[in-house]
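Enquirer: Input: one structure, supplied below.
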Amino acid sequence: MQFFIDTANLADIKEAQDLGVLDGVTTNPSLMAKEGISGDENVRNHYKAICAIVEGDVSAEVISTTYTEMIKEGEELVVLDDKIVVKVPMTKDGVKAIKYFSQKGIKTNCTLVFSGGQALLAAKAGATYVSPFIGRLDDISVDGLALIEEIREIYDNYGFATKILAASIRHSAHLLGCAKIGADVMTGPLSVIMSLVNHPLTDSGLVQFLADHERVAKQIK
Ligand code: E4P
């Protein structure tokens, strides 16, 4: 399973990269706004700064909503860095744009996916990644992990190469559920990635190991 971090915060991206387990980054317009990034020039410079930190794919979302504008914006984004993946919303124009980018060999991430039908369409259009938002489904009392299962079954039935990028991950149980189902990638905040490190028995076990070592070391002296 690949680990992507879902943020535009450079310090968080660096911390995840330094842990040695990061495979890529996803951003969206809300995450960019959270960092106070706006204006074409600033946005592009920020994507370049992210690409300079990580080794894997970096999803940059288009703001455009029409096919023609999405193509123009996506083509401007991909020249920023080889790591850029054009993130396109699941709309009629978005599907057409994904097909266009796929035929041009440009990687895409189809975002805002909430149903198996949408995921099937994204795969048929040639999306590199499909992003089902499991946390937002859970927020409206719909089982987000069940959607990951459904998409896994559909893609395996037909051998689609599109990767399932489980998005809107809120906690480690989401992440582990996706790992058990076989999602190809998960994207979540730094806190979720770091939460995997912790277990109270690890903490108490380490305290005990170090205390035992110290006790015997003192006896030998
Ligand atoms: C995916 O690429 C999105 O950026 C993200 O996972 C959305 O998550 P949220 O529902 O926590 O905003």
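Enquirer: When the residues of the stretch 55-75 are narrowed to those that are of a type outside the set (D, E, K, R) and more than 15 Å from the ligand (Cβ to nearest atom), which ends up farthest from the chain's Cα centre (by Cα)?
Expert: So the first thing to find is which residues in the stretch 55-75 are of a type outside the set (D, E, K, R), and the list is 56, 58-60, 62-68, 70-71, 74.
With the extra rule that they be more than 15 Å from the ligand (Cβ to nearest atom), the set shrinks to 64-68, 70-71, 74.
Numbers: SER64: 21, THR65: 22, THR66: 24, TYR67: 24, THR68: 26, MET70: 21, ILE71: 22, GLY74: 18 Å.
Among those that are of a type outside the set (D, E, K, R) and more than 15 Å from the ligand (Cβ to nearest atom), it is THR68.
Enquirer: Sticking with this one: Mind listing whichever residues of the stretch 178-193 are in a helix (DSSP H, G or I) and in contact (Cβ under 8 Å) with a residue 40 or more places away in the chain? Even if it seems obvious, please write down each step before you answer.
Expert: Initial filter on the stretch 178-193 (in a helix (DSSP H, G or I)): 178-181, 190-193.
CYS178, ALA179, LEU190, ILE193 - these are the residues of the stretch 178-193 that are in a helix (DSSP H, G or I) and in contact (Cβ under 8 Å) with a residue 40 or more places away in the chain.
Enquirer: Mind checking which residues of the stretch 9-32 are within 16 Å of the ligand (Cβ to nearest atom), more than 18 Å from LEU112 (Cα to Cα) and small (Gly, Ala, Ser)? Can you show your working first?
Expert: Pass one, the stretch 9-32, residues within 16 Å of the ligand (Cβ to nearest atom): 9, 12-13, 16, 22-32.
Within this subset, residues satisfying the condition of being more than 18 Å from LEU112 (Cα to Cα) are 9, 12-13, 16, 22-24.
Scanning the stretch 9-32 gives ALA16, GLY24.
Enquirer: Take the conditions within 15 Å of the ligand (Cβ to nearest atom) and within 16 Å of the chain's Cα centre (by Cα) and apply them to ALA183. Does it pass? Explain how you work it out, then say what you get.
Expert: Values: within 15 Å of the ligand (Cβ to nearest atom): yes; within 16 Å of the chain's Cα centre (by Cα): yes.
Yes: the conditions hold for ALA183.
Enquirer: Take the residues of the stretch 102-112 that are under 20 Å from the mean Cα position of the chain (by Cα) and surrounded by fewer than 24 Cβ atoms within 10 Å (Cβ to Cβ): which is nearest to the ligand (Cβ to nearest atom)?
Expert: In the first step, residues of the stretch 102-112 are kept if they are under 20 Å from the mean Cα position of the chain (by Cα); the result is 102, 106-112.
Checking which are surrounded by fewer than 24 Cβ atoms within 10 Å (Cβ to Cβ) leaves us with 102, 106-107, 112.
Values: SER102: 19, ILE106: 18, LYS107: 14, LEU112: 8 Å.
Among them, the one singled out is LEU112.
Enquirer: Can you work out which of the residues in the stretch 79-99 that are under 18 Å from the mean Cα position of the chain (by Cα), within 23 Å of ALA52 (Cα to Cα) and aliphatic (A, V, I, L, M) is surrounded by the most Cβ atoms within 10 Å (Cβ to Cβ)?
Expert: Selected residue: VAL88.
Enquirer: Within the stretch 130-139, is even one residue in contact (Cβ under 8 Å) with a residue 24 or more places away in the chain, more than 16 Å from the ligand (Cβ to nearest atom) and outside any loop (DSSP other than H, G, I, E, B)?
Expert: No: zero hits.
Enquirer: Restricting attention to the stretch 144-152, does a residue exist that is in a loop (DSSP other than H, G, I, E, B), touching a strand residue (DSSP E or B) at 6+ places or on another chain (Cβ under 8 Å), within 16 Å of the ligand (Cβ to nearest atom) and farther than 18 Å from ASP23 by Cβ? Give the steps one after another, and end with the answer.
Expert: Taking the stretch 144-152 and keeping what is in a loop (DSSP other than H, G, I, E, B), we get none.
Among the residues of the stretch 144-152, not one is in a loop (DSSP other than H, G, I, E, B), touching a strand residue (DSSP E or B) at 6+ places or on another chain (Cβ under 8 Å), within 16 Å of the ligand (Cβ to nearest atom) and farther than 18 Å from ASP23 by Cβ, which makes the answer no.
Just so you know, all these numbers are worked out from the coordinates, no wet-lab data involved. Computed from a predicted structure; not experimentally measured. A quick note on method: Cβ atoms are made from the backbone with ideal geometry, for glycine too, and the neighbour counts reach across all protein chains shown.
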